[in-house]
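Note sheet for the following structure.
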Amino acid sequence: MSGDRRDPPLLGVIVNPIAGMGGSVGLKGTDGAVEEAVARGAVPRAQDRAVRCLSVLARASSQIDVLSAGGAMGADAVRETGLEPVDEIDVYSLSTSEDTGRVAQQMVNAGVDLLLFVGGDGTATDVFRAVGTRVPVIGIPAGVKMQSAVFAQSPEAGGLAAVRFLTSGRRHWTLRDVLDLDERCLRESRLVPRLIGQMLVPAAPALLQNPKARSPLRAHSLARLGAAIADQVNPDRVVAVGPGSTAGSLLDHWKLPHTLLGFDLVRDRRLLVADAGASELARYASEMELVVAPIGGQGFVFGRGNQQLTSKVLGSLDPDRLQIVAEPERLEELLGQPLLIDIDDASVAASFTGYRRILTGPDTWRVFPVRTTVPTEGVLT
Amino acid sequence: MTIRHHFHAASWQEPLITELGSPGQRGVIVPGFDGPSAAPLAAGTRRETPPLLPEMGQPQVLKHFMRLSQMSLGHNVAIDLTAATTTPKYAPVINEALVRSPKIADLHPDQPLESVQGLLELMWELGECLKALTGMAEVAVLGQGGAHGIYANMLIMRAYHDSRGDARRDEVICPVESHPANAAAAHAAGFSVIEIPLGPDGYLDIEALQAAVSDRTAGFVMNNPVDSGLYNVNVDQLAHIVHSVGGLCAYDQANANATLGLARARDAGFDLCQLNLHKTLGAPMNLFGPAASAIAVTSELAAFLPTPWVSRCGDAFELVFDRPQTVGQLRPYAGNVTAMVKSLAWIRALGEDGLRDVARTAVLNNNYVNAGMVQLRGIGQAFPENTQHRLDLVRYSLEELAEATGIGAESVNNRLPDYGLPAAWMSHHPVTSNEPLTLEPTESFSKEELDEVIEVFAQIVDEAYTSPDTIASAPHRSMVSQIDATRLEGGFPVAATARALRDALAREAS
């Protein structure tokens, strides 16, 4: 991503042609349910969204070369805008996960400066697994569920972000979360987002979803938060540090490794157990301090992304020894909604609810409501 | 007035002054001096190499700064109601003549008080005006600026609780939308900061405030109206909640333009407050300076005021230093006198009714612009569910525009200078609404100017829907190209001084 720049810049385009089809017919996603969606009369929408996005590129004054996946996975949409791909990558079947991943990988090998994909969280996950952080990406929202922070606000916004990024003198990008919901759970009206990993996206804050989540100094603010957490926890106790980079900032501060998607147990600033499971957490629960951050966009404290915290673990934990930590922007994103707890044991859940003090920086707390969820039908719609 | 379609900023391509001049050039040759000289500095204090100051002749220095002024969309050339939250108002130029008079300019801060009775009377009279405007019992006009005034409020809170043997109170409560200097001042005074979130109506969550107060609460500090333009009508209830646990309430009145002469801090139940002479009260804000703020308190807190403040004793005026419980001196001498002169001149020129007209006109102007702005496609207000009239400013939200066109607040701001308007203030931190943009049309703008601003926004909104890439690549007629707000993230050197920049660039090059 450094060194000599290709001129004109090269943009990779992948369209997941079936993205979003489930949504229109009441399926909460299309992963593994294409036949069902088609049978219910679903209409493809990804192509339309792709064309809207690529039209911005077609109108741009600067030359941008496009490398696209073949046919309905990209080239059709590119041509509809009057652009001509410099090359196409053959696809064998229409957008299986394997196809998306393989094409994305080939695009990276071909030296694309930016990868634009049209789809939802499932597509984002496939792209992430194939390319990780080897190339910046922009997601064009066309799916049913788009929890990940890699999506543009609209197809046009994504197109503009791409043009800006590819033609600007200095290219800047930032790490954003890729999240996915388990669609089988979703169809049963349960929200179970998982943190899949992080991808690079252009730092074009106004154009990406959740513009408030931006901070040009996020690394710095996380370092401050890590130091602030360290001031609050008692290092003589076992400290359990939850998933995500926010809670993990404590371990960064202590220069310890952190399991991005799991719990680490620390005592006396030494790693006791890495990636602890429910049984290890249960063993220390009655004496430990717990540091967690809300995961994903909905503000879940327990019950999403940290299922290791079973009712049994939390039942033994002194509620005063729970320190919820959050970057202030994460709380703003909730736009007045409370933080949420969803665990099986209602009385255990209740012991953590009410207005709690969320640590947001050095000696700074936000008094914030924490409530339990009552699962309701159609919560996502 | 129509839009300035052919505006073009002067673009002098002027380098930084540190890159100008050459060794040996001089602006002034200082004549030699053969009188007594001071003892040389100690070896450890003396710098080993001279500072890398630019060396230039007078005409080159003059041209440099004239070029910079031409390249600025400054207060005296631009319709700067976009510089919202700074109370961008006209500070009468005639008042500059007053402070340049030898009667002020030639005074020495150490001269005997008998010889400056007139100035002390002026300072006393200003204090009386500020007491009348706030409803407070005593005032000290000693802050160097707004944050300094709020810091003094925090010190007074601490001194008050300490005087009662109540040293456990170590927390100050702030609404999240309160000015960042409030939380910073509380931290600087050694308090922890407890922030209260906003509800969907843009008001602070009263239940959260109730949950936050305790016997550790030293006090509470808030602005009203806040930067959304919303005036919290429950302000007395908030004060009651804080008082019920023994805390003090401080009102940050840095911007009191909407309530001048109409609502007073004391009547809202507050114990102490701070006012900016250089924003609300007619002393210049926008780089003319100097700034000054007043710290006003109830009689119960008067003993803790910083010193010295002016008191009247019969026909004579004196400076009060002798206060055993004072939080101390905030700065040398008796305050920024020139700001006080300008402020009193402004207050006296307007009179009591005139001050109320300032507030009413500012609110009217703001609501006029508001009505024009929300007619524009894709532009709404922050906290739309709150239908209360905004007072002196409005936090707009360009979320709908951004979603429909890809053009959000940052892009609109890149386009404004093409029409001769300074980029608009977006939001203080934390950002509590999407794609925020704030305008503050104070009493100083004519209807023609307000119309021009609305027209420019209408033009840019139209461009967003019809030719968004024009905006995406803007500004086109300004003296700088796009400023990349995310530069720091890309590792661009962060430098607050010329030396730091030089070092950072050298590191980058190597």
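The values are calculated or read from the model by the stated rules, or taken from the named source; none is laboratory data. Since the structure is predicted, the reported quantities are computational estimates derived from the model, not experimental observations. With ideal geometry, Cβ positions are generated from the backbone for all residues, glycine too; neighbour counts draw on all protein chains shown. These accessible areas exclude ligands, DNA and RNA; they are computed on the full protein's heavy atoms, side chains included. Shrake-Rupley method; radii C 1.70, N 1.55, O 1.52, S 1.80 Å.
Taking a ≥ b ≥ c as the square roots of the Cα gyration tensor eigenvalues, the stretch B:119-233 comes out oblate, since a/c reaches at least 1.5 and a/b does not exceed b/c. Could you compute how much accessible surface A:Ile18 exposes when probed at 1.4 Å, giving the result in Å² to the nearest 10? The accessible area of A:Ile18 comes to roughly 30 Å².
Restricting the trypsin sites (Lys or Arg not before Pro) of the stretch B:160-211 to loop positions (DSSP other than H, G, I, E, B) with no more than 12 neighbouring Cβ atoms within 10 Å leaves B:Arg164, B:Arg168. Here, the stretch B:231-340 has an Rg and a Dmax of 15.7, 43 Å when only alpha carbons are counted.
Taking all Cα pairs closer than 8 Å and separated by 6 or more residues, the relative contact order of chain B comes to 20 percent. With a ≥ b ≥ c the root eigenvalues of the C-alpha gyration tensor of the stretch A:218-341, is it rounded (a/c under 1.5), prolate (a/b larger than b/c) or oblate? It is oblate, given that a/c is not under 1.5 and a/b is not larger than b/c.
Are there any GluC sites (Glu not before Pro) in the stretch B:8-98 that are in a DSSP loop and have at most 12 other Cβ atoms within 10 Å? List them by number. Kindly include the intermediate steps, with their values, before the conclusion.
Details: sites: B:Glu19, B:Glu48, B:Glu55, B:Glu96; in loops: B:Glu48, B:Glu55.
Answer in residue order: B:Glu48.
Of all DSSP-defined beta bridges confined to the protein assembly as shown, some 50% are antiparallel rather than parallel. Kirkwood analysis of the stretch B:395-464, using all unique Cα-Cα pairs, places the hydrodynamic radius at 12.7 Å. The GluC sites (Glu not before Pro) of the stretch B:367-476 that DSSP puts in a loop, and whose beta carbon has at most 15 other beta carbons within 10 Å, are B:Glu385. Can you give me the solvent accessible area of A:Leu175 with a 1.4 Å probe, rounded to the nearest 10 Å²? About 80 Å², ignoring ligands and nucleic acids.
The listed residues B:Leu376, A:Leu335 rank as A:Leu335, B:Leu376 when sorted by accessible area, largest first, using a 1.4 Å probe.
By a 1.4 Å probe calculation restricted to protein chains, B:Asp322 has an accessible surface near 130 Å², given to the nearest 10.
What is the ratio of the Cα radius of gyration of the protein assembly as shown to 2.2 N^0.38 Å, where N is its residue count, to two decimals?
Dividing the Cα radius of gyration by 2.2 N^0.38 Å gives 1.04.
Give me P(r) over the stretch A:73-113, computed from all C-alpha to C-alpha distances, binned every 5 Å, as integer percentages. Taking all Cα pairs of the stretch A:73-113, the binned fractions are 5, 21, 28, 24, 18, 3 percent. Over all pairs of different C-alpha atoms in the stretch B:94-144, the reciprocal of the mean inverse distance, the Kirkwood hydrodynamic radius, equals 12.6 Å.
Label separation (B:Glu48 vs B:Ile206): 6.6 nm, computed from points 7 Å beyond Cα along the C-beta direction. Ordered from longest to shortest, the equivalent ellipsoid semi-axes for the stretch B:22-92 are 40, 19, 14 Å, each the square root of 5 times a Cα gyration tensor eigenvalue.
Taking every DSSP beta bridge that has both ends in chain B, the antiparallel portion is near 55%.
Beta bridges from DSSP with both residues in the stretch B:147-242: antiparallel share about 10 percent, rounded to the nearest 5.
In terms of overall dimensions, the C-alpha atoms belonging to the stretch B:119-170 reach 41, 21, 19 Å along their principal axes, ordered largest to smallest.
Tell me, in nm to one decimal, what length is gained between B:Phe33 and B:His389 on full extension, where the rule is 0.36 nm per residue of separation less the Cα-Cα distance?
121.5 nm
The share of alpha-carbon pairs in the stretch B:277-429 lying farther apart than 21 Å comes to 65%. The residue among B:Thr45, B:Ala181, B:Ser446 whose Cα reaches farthest toward the positive pole of the charge dipole of chain B, with charges on the beta-carbon of Lys, Arg, Asp and Glu, is B:Thr45.
Sorting A:Arg49, A:Arg283, B:Arg46, B:Arg415 by solvent-accessible area of protein heavy atoms yields A:Arg283, B:Arg46, A:Arg49, B:Arg415, largest first, with a 1.4 Å probe. Debye-formula intensities of the stretch A:75-145, expressed as log10 I(q)/I(0) at q = 0.13, 0.17, 0.28 Å⁻¹, are -0.36, -0.64, -1.49 (one equal scatterer per alpha-carbon, no solvent).
Put one equal scatterer on each alpha carbon of the stretch B:12-63, apply the Debye formula with no solvent term, and list log10 I(q)/I(0) at q = 0.20, 0.21 1/Å to two decimals. Relative scattering, expressed as log10 I(q)/I(0), comes to -0.90, -0.93. By its C-alpha gyration tensor, with a ≥ b ≥ c as the square roots of the eigenvalues, how is the stretch B:170-229 shaped: rounded for a/c under 1.5, else prolate for a/b larger than b/c, else oblate? Oblate, because a/c is 1.5 or more while a/b does not exceed b/c. Take the accessible area of B alone and of A alone, subtract that of the pair with a 1.4 Å probe, and the total buried over both chains is about 3400 Å². Expressed per residue, the C-alpha convex hull volume of the stretch B:366-414 stands at 79 Å³. Contact order, relative form, for the stretch B:7-77: 55 percent (alpha carbon pairs under 8 Å, 6 or more residues apart, mean separation divided by residue count). Once divided by 2.2 N^0.38 Å, the Cα radius of gyration of the stretch A:238-301 becomes 1.04. Within the stretch B:446-485, the proportion of C-alpha pairs whose separation exceeds 14 Å stands at 59%. For chain B, the convex hull drawn through the C-alpha positions has a volume of 205 cubic angstrom per residue. Taking the inverse of the mean 1/r over every pair of distinct Cα atoms in the stretch B:314-392 gives a Kirkwood hydrodynamic radius of 17.5 Å.
Provide, for q = 0.10, 0.12, 0.15 Å⁻¹, the log10 of I(q)/I(0) from a solvent-free Debye sum over equal Cα point scatterers in the stretch B:345-461. Each listed q maps to, in turn, -0.32, -0.46, -0.68. Here is the size of the stretch B:1-142 from its Cα atoms: Rg then Dmax, 23.6, 66 Å. Averaged over the residues of peptide B:187-197, the number of Cβ atoms from other protein chains lying within 10 Å of each residue's Cβ is 5. Going by accessible surface with a 1.4 Å probe and the largest first, B:His429, B:His75, B:His179 read B:His429, B:His179, B:His75.
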